[in-house]
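Undergrad: First the structure, which I've put down as C-alpha cells, then a few questions once you've had a look.
The values are calculated or read from the model by the stated rules, or taken from the named source; none is laboratory data. Values in this document were obtained by computation on a predicted structure and should not be read as measured data. Here the Cβ positions follow ideal geometry from the backbone for every residue, glycine too, while neighbour counts run over all protein chains shown. To get the accessible areas, we keep the full protein, side chains included, count just its heavy atoms, and leave off ligands, DNA and RNA. Shrake-Rupley method; radii C 1.70, N 1.55, O 1.52, S 1.80 Å.
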Amino acid sequence: MTDQLKKYLFQDHSTRVQAVNLTQSWQTGLAHQSYPECVQRLLGELMSAAVLLAANIKFDGSLVLQLQGDGPVALIVVECGSDLSIRATATLREGHDIPADGTLQSLLNAHGQGRFIVVLDPGKDATHLQPYQGIVPLEGDTVAQVLELYMRNSEQLETRLWLAATPQVSAGMLLQRLPGHGGTAGAEVADAETTWERASILADTIKQDELLTLDTDSLIHRLFWEEDLIAFEPQAIRWWCPCSRERVANMLRMLGRDEIESALSDRDHIDISCNFCGKPYQFDAVDCAGLFVENLKTPKADPGSVH
C-alpha cells in the first residue's frame, strides 16, 4: 500500500487532526543515502512535518522546510508539493564528526547561527501569487518545537506536532486550532477553547512507539475514541525527485567532449550521483561516446527558443 495522509476535524470545526505514517516513501528516499542515525532521525521528522503542513496549502505549488546549520550538519531540507509528492536530503559539513548522540541544537546550531527557513513556492503557473520566504532563528530542542514556535509566532496558528523517525519509518501527527469562521460570540469562543484544550490533553498521551508502530486509524481511535470526528478521504504520498539519466546525460553534454574524454582517460566509466536524492548514474566509454553522436544528429535549436 502507498503511504497516506489522513485528516480529521472535530465536530465544531475548531480543531483539525492530521496523521501520517511513511514507510514506502521514506525507504525510497533513504535508498541511495547513508546518514548517521541521528541525522536520519531529524530528516525523517522534518519529512513527516512537511507532509502534514503541505496538505493545508491552498495553491498548486510546494512547501520547502529547511534547517540551515552552522555545526556538523550544514543543511536538512524537505520539499513537499501540494499533491504530496516529496523529496528530502541532508548535507553534512566535511571534516566534522557526527556524534552518535547528536541533537538538533548540537548538530545544526552549535554556534548560535542556525536558521529555520520556510518557503512557499506557488509555482510558475500561479502568476498572481508571489513566493514567500520566512527565516527565523533555530529555536527549540526538537524539530516539532521549532515548527510549533514558527507557526505560533509567524503564522499566528496554535499548532502541536508529534514527530518520530527510525531507519524504517517516519511518522507524525498534527493538531491545529483553526481560525474562527465568522461568528465571534463568547459561547463559540469558549466552546472552541474547550475543544482545543481537550484535544491537546488527549494527544499529549501519545507515546513515541505508538506513533511509529500503529497504523493511522488505530492511532486516532486510541487517542480520540470518545470524540465524534469528521474523517476526510485519505491522500496518497509518494517520493519524487526529478533527476533522471536523461538529465545527467544533458549535463555531461554541456561539459563537452574534451572534458569527458579527459575524465575517462584514467578510468573506464564516470559515476555521478544526484545532489538531492543520491541516486547513482554510471556512464561508460560507449555511453559517453553515444552522447555526442546523438548530439550531432539533433538539429540545432533556434536560439530564440532556448531557455
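Undergrad: Using a 1.4 Å probe and ignoring any ligands, DNA or RNA, find the accessible area of ASP83 and quote it in Å² to the nearest 10.
TA: 90
Undergrad: Next up: Rounded to the nearest 500 deg cm²/dmol, what is the calculated helix-only ellipticity per residue at 222 nm for the chain, with -39500 (n - 2.57) per DSSP H run of length n ≥ 4?
TA: -10500 deg cm²/dmol, from helical runs alone.
Undergrad: Another question, if that's okay. Quick one: check the C-alpha center-to-center distance for the stretch 130-157 versus the stretch 209-238, whole angstrom.
TA: Each part's Cα centre sits 25 Å from the other's.
Undergrad: Quick check: from the Cα gyration tensor, does the stretch 144-239 come out rounded (a/c under 1.5), prolate or oblate?
TA: Prolate is the answer for the stretch 144-239, as a/c is 1.5 or above and a/b outweighs b/c.
Undergrad: Moving on to the next point. Is the shape of the chain best called rounded, prolate or oblate, per the rule: a/c under 1.5 gives rounded, else a/b larger than b/c gives prolate, else oblate, with a ≥ b ≥ c the square roots of the Cα gyration tensor eigenvalues?
TA: It comes out prolate by the Cα gyration axes.
Undergrad: A further question on this structure: If you roll a 1.4 angstrom probe over the protein chains with everything in place, what fraction of the accessible area of the chain belongs to carbon and sulfur, to the nearest %?
TA: Carbon and sulfur together cover 51 percent of it.
Undergrad: Near LYS58, which aspartates and glutamates are there with a Cα under 19 Å away, not counting those fewer than 8 places off in the same chain?
TA: Cross-link targets: GLU79, ASP83, ASP121, ASP125, GLU155, GLU158, GLU233.
Undergrad: For ARG245 and ASN56, FRET efficiency with R0 = 51 Å and r from the beta-carbon atoms, rounded to 0.05?
TA: Efficiency, rounded to the nearest 0.05: 0.90.
Undergrad: Given H placed 1.01 Å from N in the peptide plane, which residues other than close sequence neighbours of ASP284 have an amide H under 5 Å from its amide H?
TA: ILE270
Undergrad: Given a 1.4 angstrom probe, what's the average accessible area per residue across the chain, in square angstrom?
TA: Per-residue accessible area for the chain comes out at 54 Å².
Undergrad: Would you mind putting 191-204, 23-36 in packing order, based on average other-beta-carbon counts within 10 Å, highest first?
TA: Highest-to-lowest ranking by the protection proxy: 23-36, 191-204.
Undergrad: Using per-residue counts of other Cβ atoms within 10 Å, averaged over each peptide, order 141-154, 226-239 from highest down.
TA: 141-154, 226-239
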